[in-house]
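For reference, the structure discussed in these notes is given below.
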Number of protein chains: 2
Amino acid sequence: MELAVVKAKSSGQGRSGRRDRAAAGQRIVGLAKNIVAHIQHRDDPYVDIPSRTLSNVRFDERKGIIELLDGTQRRYFFSLLGRRKGEGSQAKKFMQTIRVAEVCKKLIDTSDSTSIRDLFYNLKVPIKTTDGKTGKELIFEEQAESDPIIEDIEVTVAALREELGVHAETKGAMVGPMTIIDNGDTIDLSAMGSGGWAVPSIVEPDVIRFVKHKAEYVLLIEKGAVWQRFNKDRFWETHKCMIIHGGGQPPRGVRRLIYRMHDELKLPVYVLVDNDPWGYYIYSVVKQGSINLAFESQRMAVPQARFIGMSSRDAERFELPAHVTMPLTEEDRRRAKEIRGYPWFASKEWQREIKHMEALGVKLELEALSNKRFSFITEEYLPRKLAEKRWLD
Amino acid sequence: MELAVVKAKSSGQGRSGRRDRAAAGQRIVGLAKNIVAHIQHRDDPYVDIPSRTLSNVRFDERKGIIELLDGTQRRYFFSLLGRRKGEGSQAKKFMQTIRVAEVCKKLIDTSDSTSIRDLFYNLKVPIKTTDGKTGKELIFEEQAESDPIIEDIEVTVAALREELGVHAETKGAMVGPMTIIDNGDTIDLSAMGSGGWAVPSIVEPDVIRFVKHKAEYVLLIEKGAVWQRFNKDRFWETHKCMIIHGGGQPPRGVRRLIYRMHDELKLPVYVLVDNDPWGYYIYSVVKQGSINLAFESQRMAVPQARFIGMSSRDAERFELPAHVTMPLTEEDRRRAKEIRGYPWFASKEWQREIKHMEALGVKLELEALSNKRFSFITEEYLPRKLAEKRWLD
């Protein structure tokens with residue numbers, strides 16, 4: 001008997017978060033029922049888990065996202081061997097998988113959520129022995145064990161961890177001409193002062209709903225300090241856009257929210273980052289997803305996201321003095337070469353962009369525009385780039 | 001002719017941020033006028049800058065804060081020698097000081113603010129030569145030069161950098177039964193959903209005003225993920241308190257806001273951190289300020305802040321299993337010993353607390369309470385600690 005490998009599509013399109021979570025809960029029940037059926041047939045129970053290896057990942061050029069292929073790994077209950085050298089036994093991992101699935105199901109049933117660290121501690125408990133006593137071994141010793149199991153459940157039941165009710169860190173803020181409902185509270189994001197609305201870890205439709213908006217696009221700004229300048233100058237008001245930051249590499253909550261605004265409200269997404277390999281990488285993750293979390297791409301990646309800056313041409317275009325640039329380090333050059341090799345940067349324009357940075361041998365921070373004046377970035381730089389359509393796809 | 005060394009007291013008590021900023025602006029003008037007077041008298045112009053050295057810092061036991069003493073360093077214009085080996089000439093530093101002061105004055109006059117990195121780039125410009133031409137040397141080469149000059153201005157004109165309009169990073173969020181005005185927008189912090197209000201970098205009274213509140217105390221939670229649990233369980237509603245986090249070590253905006261709620265609204269402050277030396281240190285900074293920024297203590301430190309947990313007694317008190325604790329590292333032991341030597345931890349109770357952790361040889365994270373259940377921290381742990389008054393001062 002085969003376990004059905006549920007494809008991510010099934011929960012990808014739903015607008016109702018509660019329904020999505022319930023559906024994910026149902027798939028966990030399905031997983032459990034299959035295992036019970038195996039046992040009743042006196043088979044060795046197993047779970048088929050989609051493989052998250054490089055060989056099972058592919059860049060879909062048409063959709064423009066990194067996707068998981070159909071490869072799975074079978075995890076048996078009656079096996080004391082690991083799948084790879086140094087790995088725990090399949091029996092132990094099977095047990096861990098079921099226990100994490102159980103916690104996720106409870107979180108769904110109680111409309112609750114928790115952090116990956118809390119979940120780890122919640123399951124840092126002794127394994128019961130066959131005679132019902134408390135054993136010496138723990139279900140999890142380290143969070144490094146429980147995090148991959150959470151990912152296993154995500155791919156197996158085709159749900160984002162946020163739908164399961166598990167989250168990582170929180171970072172970032174957003175303001176703009178939009179009213180949302182966050183956990184029952186109606187929040188006018190155009191009246192959020194200088195601080196803004198802190199973007200939570202979980203922004204699924206059962207928590208966050210879009211009520212109305214006048215935004216014409218979403219602008220993701222790499223740095224919180226630069227975002228503050230955009231908020232201070234009320235760029236979002238003049239330019240009718242949502243401004244959001246994720247304090248560097250945006251956390252999942254910020255990425256997922258951007259995805260939802262793009263998918264549900266059909267808002268174009270612009271990304272504004274430093275001109276360095278790290279900036280290109282931040283854009284790359286928003287656009288295509290990351291390779292090691294390819295299974296999320298379908299509900300996290302925005303292939304149409306536009307790179308609005310900073311470009312390696314901007315120092316010249318905006319007549320910035322050479323002394324505000326910084327030399328590329330060896331590490332920068334190595335990363336630039338690597339990023340230039342990503343299939344989604346294969347276009348002539350992108351190759352030119354990255355190679356130009358390498359040829360100049362320098363990088364450029366957003367704050368360097370303050371060499372002109374503090375509001376140059378909001379009053380001249382970005383408006384001109386948008387007007388002249390100087391972005392890369 | 002002596003420059004008046006303005007004491008921090010003069011701007012510490014004011015409730016009107018605009019007045020405070022204006023007063024700081026006036027002190028910058030005073031500084032400049034003194035220099036002009038020196039020049040008109042054909043004296044060598046200088047600035048007296050309060051010393052930020054360990055020998056010029058003292059723990060005031062009565063007030064319970066770290067304070068700057070009266071020692072100053074005189075920075076002359078006509079001196080090509082540095083004060084210390086390897087330091088730039090006094091002439092250059094004098095010039096840098098005046099240029100940073102000039103930018104701060106402009107920020108004040110235009111009700112503007114900027115980040116320390118933007119300020120650096122703004123002054124990364126060539127020095128004009130005596131014949132008015134563009135020279136080769138830059139005012140600042142590195143941010144490592146401009147940051148200390150900002151601190152020089154802060155102590156010299158006795159203003160926090162936030163009053164001057166200069167800020168660092170933004171982190172953290174707050175919710176609770178309070179209505180504030182943030183930059184003209186009225187925000188009900190009890191209707192901020194799951195995300196909360198993102199605490200801005202600058203929370204001076206000209207930006208943030210407290211309108212009304214029903215809070216009985218302020219609870220600072222070390223970690224964002226734990227804060228989310230408190231928000232999810234609406235702890236702030238049941239317990240009538242403000243909950244705030246700073247994403248680890250709280251940034252200046254969060255510290256300053258806590259200070260203001262304590263000082264202006266007379267709210268007691270409770271600090272909830274991991275039981276490890278880093279947690280003690282976070283509490284220590286909230287309570288007494290940090291040694292290298294002693295001049296801010298008067299308007300940042302809350303000597304009455306209470307350490308509500310986690311205590312090294314909590315694992316036993318709440319019957320947590322030994323396997324959720326973690327062994328202290330060598331670095332932990334070194335830090336614990338250092339922190340135990342701080343004069344504000346000299347009390348019998350504090351010595352007992354830290355020594356008990358050292359004797360147990362383990363540390364304990366807030367998330368370890370999830371080993372009981374996810375809401376144990378909000379429903380049992382903290383209510384019991386508050387009811388039993390189990391905090392340290």
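Anything in region B:321-333 that is within 14 Å of chain A (Cβ to nearest Cβ), surrounded by fewer than 18 Cβ atoms within 10 Å (Cβ to Cβ) and assigned to a helix (DSSP H, G or I)? List them, or say none.
Scanning region B:321-333 gives B:Ala322, B:His323.
Please go through region B:334-382 and give me each residue that is at negative phi, more than 13 Å from chain A (Cβ to nearest Cβ) and either touching a Cys at 6+ places or on another chain (Cβ under 7 Å) or not in a helix (DSSP H, G or I) (or both), ordered by number.
Within region B:334-382, B:Gly341, B:Tyr342, B:Ala346, B:Ser347, B:Val362, B:Lys363 meet the criteria.
Quick check on A:Ala101: is it more than 14 Å from chain B (Cβ to nearest Cβ), in a helix (DSSP H, G or I), out of contact with any Cys (no Cβ under 7 Å at 6 or more places or on another chain) and on the phi < 0 side of the Ramachandran plot?
Spelling it out, A:Ala101 is indeed more than 14 Å from chain B (Cβ to nearest Cβ), in a helix (DSSP H, G or I), out of contact with any Cys (no Cβ under 7 Å at 6 or more places or on another chain) and on the phi < 0 side of the Ramachandran plot.
Can you tell me how many residues in region A:279-294 are modelled with pLDDT under 85 and either part of a helix (DSSP H, G or I) or among the β-branched types (Val, Ile, Thr) (or both)?
Here the count works out to 4.
Are any of the residues in region B:295-307 within 14 Å of another protein chain (Cβ to nearest Cβ), buried (at least 21 other Cβ atoms within 10 Å of the Cβ) and under 29 Å from A:Leu123 (Cα atoms)?
Looking for residues that are within 14 Å of another protein chain (Cβ to nearest Cβ), buried (at least 21 other Cβ atoms within 10 Å of the Cβ) and under 29 Å from A:Leu123 (Cα atoms), one finds none in region B:295-307, hence no.
Please verify whether B:Pro148 is within 18 Å of the chain's Cα centre (by Cα) and either facing another protein chain (nearest Cβ under 8 Å) or crowded, with 23+ Cβ neighbours inside 10 Å (or both), treating the condition exactly as stated.
The answer is no for B:Pro148.
Looking at region A:203-221 only, could you name the residues that are more than 19 Å from A:Leu267 (Cβ to Cβ) and more than 7 Å from chain B (Cβ to nearest Cβ)?
The answer is A:Asp206, and nothing else.
If you go through region B:222-242 one residue at a time, how many are under 14 Å from B:Pro383 (Cβ atoms) and more than 11 Å from chain A (Cβ to nearest Cβ)?
Selection size over region B:222-242: 8.
Would you call A:Arg58 over 21 Å from A:Ala91 (Cα atoms), assigned to a helix (DSSP H, G or I) and modelled with pLDDT of 80 or more?
no
Among (1) touching a helix residue (DSSP H, G or I) at 6+ places or on another chain (Cβ under 9 Å); (2) surrounded by fewer than 16 Cβ atoms within 10 Å (Cβ to Cβ), where does B:Lys133 come up short?
That leaves (1) as the condition not met.
Could you list, in sequence order, all residues of region A:272-295 that are within 13 Å of A:Ile308 (Cα to Cα) and over 15 Å from the mean Cα position of the chain (by Cα)?
Once the filter is applied, which keeps residues that are within 13 Å of A:Ile308 (Cα to Cα) and over 15 Å from the mean Cα position of the chain (by Cα), region A:272-295 yields A:Leu272, A:Val273, A:Asp274, A:Asn275, A:Gly279, A:Tyr280.
Out of A:Ala198, A:Ala215, report the one residue that is surrounded by fewer than 24 Cβ atoms within 10 Å (Cβ to Cβ) and of a type in the set (Gly, Ala, Ser).
A:Ala215
So A:Asn183 fits all but one of (1) at the interface with another protein chain (Cβ under 7 Å from one of its Cβ atoms); (2) in contact with a strand residue (DSSP E or B) (Cβ under 7 Å, 6 or more places away or on another chain); what number is the exception?
Status for A:Asn183: all satisfied but (2).
What number of residues in region A:305-336 are acidic (Asp, Glu) and touching a Gly at 6+ places or on another chain (Cβ under 9 Å)?
Residues in region A:305-336 being acidic (Asp, Glu) and touching a Gly at 6+ places or on another chain (Cβ under 9 Å): 0 in total.
Could you please find all residues in region A:166-180 being in contact (Cβ under 8 Å) with a residue 60 or more places away in the chain and more than 7 Å from chain B (Cβ to nearest Cβ)?
A:Val166, A:His167, A:Ala168, A:Lys171, A:Gly172, A:Met174, A:Val175, A:Gly176, A:Pro177, A:Met178
The values are calculated or read from the model by the stated rules, or taken from the named source; none is laboratory data. Predicted, not measured: the structure shown is a model, and the values here were computed from it. Neighbour counts are summed over all protein chains in view; Cβ atoms, including those assigned to glycine, are modelled from backbone coordinates with ideal geometry.
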